[in-house]
Amino acid sequence: MSLYVVSDIHIQGENDPNLKSLINLMTTRAKPKDVIVLAGDIFDIFVGKKEFFLKIYKKFFEAIKVAENNNVVIHYIEGNHDFLLEKNFKNHSNLKLHSQDLTLELGEKKFFIAHGDLANKKDFGYIILRKILRSQLMKLILLVLPGEVIYKLGRYLSNKSEANKKKKGHYLETQIRKIYRTYAKGIMSQGYDYVILGHCHDLDQFEYDENKNYRQYINVGYPPTHKKLLYWSLNSQKINRIDF
């Protein structure tokens, strides 16, 4: 049995090469009883259940069925680009949806996996925005707005956010790394052997032995750039990066 974790692929359409890589993972690379965790921002924009999204991501849903037939388990943790997705997966028994984080126990090891958008507890603006975007009011708004409008608005906000990050540059990167490592250490203190996060696109990790117990934090990073995902098996002590 093996564990694969990927996040922050930001797939933008049916012809996105990262979608092809994801489908290959779900339908070919993963074997029976393997576990795949899609840890948020798999799609650049996927909000609610809209025919627009179901059409452009049709190949993804077909791949879920293949994985189900192959006895592969998939966990999907919602991110800040893909959320309110519950209705999309009601007919897929092998896919388990999580709104915030996931705990797995594999081979006597305990994993904490989250998208990572809640690691910065002092980012009050984002925390409030996150609650609004997942509120009942937003669900009602989504019933009215066409999928095309949601997609275009989401792409606009996404591009604006990326531009803002680039302006802040190295200062933001160093601060974010410190915040995420502190957050990961706090999770480990609760008895977790591994902490896996995404969201910040920081290709970071640290590991140490605590009373002869191995601990590891690792961030997925940004697969569209480095073309890697995370891999662990029962024969491994540490989580490794392998080609996506």
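The values are calculated or read from the model by the stated rules, or taken from the named source; none is laboratory data. Remember, it's a predicted structure, so these values are computed and weren't measured experimentally. For neighbour counting, all protein chains shown are included, and Cβ atoms are generated from backbone atoms with ideal geometry for every residue, glycine included. The accessibility values were calculated without ligands, DNA or RNA, using every heavy atom of the protein model including side chains. Shrake-Rupley method; radii C 1.70, N 1.55, O 1.52, S 1.80 Å.
Annotations for the structure displayed:
- GNM result for the chain, Cα springs below 10 Å: residue of 190, 100, 12 fluctuating most strongly: 190
- When the residues 156, 4 are ordered by accessible surface, computed with a 1.4 Å probe over the protein chains alone, the sequence from largest down reads 156, 4.
- Of 83, 206, 46, the one that fluctuates the most in a GNM where the chain has Cα springs shorter than 10 Å: 206
- Nearest-0.05 FRET efficiency for residue 92 and residue 243, computed from C-beta distance (R0 35 Å): 0.85
- Relative contact order computed over the stretch 185-231 (Cα-Cα under 8 Å; 6+ residues apart), in percent: 35
- Working note: 222 nm ellipticity from helices only, DSSP H runs with n ≥ 4, each -39,500 (n - 2.57), summed and divided by the residues of the chain, gives -12000 deg cm²/dmol to the nearest 500.
- Note on residue 20: lysines with a C-alpha under 17 Å away, same-chain residues under 8 apart excluded, are 55, 58, 59, 65, 227, 228.
- Distance between the pseudo-spin-label points of residue 61 and residue 189 (7 Å out from Cα toward the beta carbon): 4.5 nm.
- Mean-position separation - Cα centroids, the stretch 101-153 and the stretch 202-230, in angstrom: 22
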